[in-house]
Structure formats: C-alpha cells, structure tokens
1. In sequence order, what are the phi-derived ³J(HN,Hα) couplings for region 143-159 according to the Karplus relation 6.51 cos²θ - 1.76 cosθ + 1.60 with θ = phi - 60°, rounded to whole Hz, with x for glycine and proline?
2. Compute the distance in nm between two label points, each set 7 Å from the Cα along the Cα-to-Cβ direction, one at H343 and one at R143.
3. Principal axis lengths of region 145-286 from Cα atoms, whole Å, largest first?
4. In terms of modelled amide H atoms, which long-range or inter-chain residues lie less than 5 Å from the amide H of C181?
5. Could you give the distance between the Cα centres of region 299-355 and region 138-206, to the whole Å?
6. Please quote Rg/Rh for region 66-114 to two decimal places, taking the Kirkwood radius as Rh and restricting both calculations to Cα atoms.
7. For the chain, what's the relative contact order in percent, using C-alpha pairs closer than 8 Å and at least 6 residues apart?
8. When DSSP beta bridges are limited to those with both residues in the chain, what percentage is antiparallel, rounded to the nearest 5?
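The values are calculated or read from the model by the stated rules, or taken from the named source; none is laboratory data. In this text the structure is predicted, and so the values were computed from the model without any measurement. Don't worry about glycine lacking a Cβ; one is built from the backbone with ideal geometry, like all the others, and counts go over all protein chains shown. SASA here: full protein model, heavy atoms, side chains in, ligands and nucleic acids out. Shrake-Rupley method; radii C 1.70, N 1.55, O 1.52, S 1.80 Å.
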Amino acid sequence: MPDAVVVGAGCAGAPTAMLLARAGYRVTLVDRARFPRDTLSTHYLQQPAVALLRDWGLLDAVLGTRCPPIAHLRYRAADVAIDGPMWTFDGIGYALGPRRYLLDQLLVDAAVAAGVDFRAGQRVTDLIVEGDRVVGVRLRAERGGTDQLRAPLVVGADGMRSVVAARTGAAVRVTDPPRTCVYYSYWPGVSDRFEIHEAPGSWIGVVPSNDGLTLVAAYFPQSAYPQVRLDAGAAYLAAVRDTAPDVHARMRAVDRAERIYGTGAQLNFFRQPAGPGWVLVGDAGHHKDSLTARGITDAFHQAALLADSIGSGLDLHDPDRLRAALRRFERGRDDLLADEYQHTLKLARLAHSPRRLASLRAAAGDPVQAAGFFRSLCGHPFQERMTPP
Ligand SMILES: Cc1cc2nc3c(=O)[nH]c(=O)nc-3n(C[C@H](O)[C@H](O)[C@H](O)COP(=O)(O)OP(=O)(O)OC[C@H]3O[C@@H](n4cnc5c(N)ncnc54)[C@H](O)[C@@H]3O)c2cc1C
C-alpha cells in the first residue's frame, strides 16, 4: 500500500509526489492523460517559481529545453511606460516561459526519479470512503479496466474541476464571478522580454518561450465572451492592434505558428483544502483569473508547503498526526494566497481607475515608486523578499 496517492500529475501533483517521495514516503501518482501532453494555459513562471525549480534541482533541465530567461519587463498603460530589468528573488533575477508539454514532463520525470510509482492513462472515478475517512481511489484505465488504490492520504491535484473535491464534498468557502476571458497563440521572435499592455477593457501579455516562439495573450471582459468567441481570431488580433500596436506590428511581420487557444472558464474560488484522509493542492483547491499568471507559482508553493507540513517520518496512518499536518497546510495555504486573490480580482476588472493610473504614472517617473511597482510584480507573498537587480 502506498502512503499517498496523488491524483493529477500537473504542476501541483508531480512536485507534491516528488517532494513526498524525497521525504521517504511511498507515493503513487496517477493521471488520466499520457505524457507529454499540453494543457490549456499560458506559462509565465515568476521568479519565486524559478527559485523553487532551482531548489528542487530542476532548473538546469528546464533551461536545457532552450527556454530563454526573461530578464526584462516592458509595461504600457495609457501614457505610462515602464521598462527595466526584473527584480531578483532569492538570487533569481529572471522569469521563464517554458511550454507546458516540456515543463510537466520534466516534473513527472523528476517524480519518477525520486521513486514515485507513476501511472498514466488512469482516471480516478471515485474515492473509497470508510466512516468519515477517505482511504483510497477507484480508477478506470483507458481501455476500460477498473482498479483501486488504498492509501492513508489522497492528494487531489486534479485541476479546477477536481473529482477529489467533488467526491469529498469540499465546501466552496469563497467564490467570485469570472471577470475575464482569454485567447492566446504563438508567434516567432516577437519579443525577448515580458510585456504587459493595458487599456480599459483589455490586457495584452507577451512571454518569450521555447523554439524562438513568443506567446501573445489577449484578455477581454467576461461580459464580452459570447461575442468574442464567435470570431476569436479577429477579436484577438483587434485587441492586440488597439492595445499594443507595436506588438501587433511585430506580429504582422511573421506568420502565426500555432492555432489560437482560449477559454472563458476563468473561475475564482477557494475550496476547503483538507479533511480526513484527503487534501487538495493547486487548482483543485483554489483557482483565480489567469491574468496575473500566478497559478503555476502557486501550485509549486503549495506542493512545497504540503511537503513541509507533513515533514518526514510521519505515520500517515495516525489520524491525529495527519490532521495536525493538514491543518498546518491549510493555514499556510490561506496565508500564501488570500491577498493575491484580491489583487488579481481587482486587476481582472480591466479598469483604469484614476487612482491606479496616478500610481502607475508615479512609478514611471520616480525610481522609488518604480521599485514598488517591480517589487509587486511577483505577488504579495514574495514582495518583501524581492531585491533590486
Ligand atoms: C488560459 C490560462 C492561462 C494561464 N496562464 C498562466 C501563467 O501564465 N502562469 C501561471 O503560473 N499560471 C497560469 N495559469 C494557471 C495554471 O495553468 C494552473 O494554475 C496550473 O496548471 C495548475 O496546476 P494543477 O496541477 O493544479 O492543475 P492542472 O495543470 O490542470 O493538472 C491537473 C492534472 O490532473 C489530471 N486529472 C484531472 N482529472 C483527473 C482524474 N479524474 N483522474 C486522473 N487525473 C486527472 C489532468 O489530466 C491534469 O494532468 C493559466 C491558466 C489558464 C486557464
């Protein structure tokens, strides 16, 4: 019997499995998908996520995919122009934009190297519950066979539509309506820096990625989604043209490398993160608008937090000790995510309040204010530890 079954091998599940295995636990990781697989997501990794990849010994492998370090920022909103080198977090002065089919495969490989038993092509259909405790999962293989796995801890890392959350009845503690929808694609050589271009009702994000391709994403208000999706290609190009004309000019000089991807499912919620025999990490427990590009960074930090909360040598069959560990995770998770959630909801209104514009203008004109701007880019939990380049 494994000590833990982790459901979902994405940015939350694979590092959780890896860290628990490194701490000495027997871990089985299951995913309904076969890897490598891509997923509907842009993939900007903030410096605190890059620092964790380094700490986990995986940064060289990610850089080895020829994913360029992103060391500069360009920010435009109305008459505001801010340019400069990225600030540093824990010795890391750059962000990264690795494609998910590369990053997620590397994370799964690292979990397997740590001793995790990885089972691809296995869908969790239900949980095994005895009394009030989750004691395992029921699985269905791609070709139809069923199986079950018992373990004292089931980790739901199965994304925002989590089966583990649904079957445990994890309460939704906070929820807010979707604010945006987003479309994105890839263009050769459009930028070598992280760019944000804002206008009322529009937000353009630009991220250099693998193979010389640049990801260009366009955010629209959720209210525009029914209209935008009717002709997403035209709406996407028009948004870039109107909000970031210089990016649009660079795109016009090249051919689009991939189709246009998009979603309106920009859900905002916190679920109860844990209960007897189960815990949720990543999007399964908390999701927010992708505009601030924080989900992967959050997933990594939740994986680290859960592994730290459990520690090594814990008897996971001891319900009291397990409950205490999951409480530590719960408190830490809410501390980590609460402020940034509110900040994201505010930005995802896509509004230019006079107050916000005034503070952006101040940041553009004064090095001290600019420092505050750069510091805040990596999110609330990390800003105190950001240092100038
Ligand atoms: C459009 C968009 C843009 C984004 N841009 C960024 C960005 O730039 N930067 C950033 O940091 N974040 C971004 N995010 C957020 C980020 O993608 C997520 O927060 C992150 O993928 C969460 O990882 P996860 O492991 O929790 O979930 P997922 O990556 O969704 O992984 C869940 C895994 O569970 C598996 N699974 C699901 N159900 C089952 C089941 N029943 N049985 C077995 N396996 C199952 C799936 O196959 C999948 O592999 C974006 C999201 C979107 C939608």
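1. Karplus-based 3J(HN,Hα) across region 143-159 equals 8, x, x, 10, 7, 9, 10, 9, 6, x, 10, 10, 9, x, 10, 9, x Hz.
2. About 5.0 nm separates the two model spin labels.
3. Each principal axis gives a Cα extent; for region 145-286 these are 56, 34, 30 Å.
4. F220, Q222
5. 16 Å
6. Value, to two decimals: 1.17.
7. Averaging sequence separation for qualifying contacts and normalising by length gives 21 percent for the chain.
8. Bridges in the chain that DSSP calls antiparallel: roughly 75 percent.
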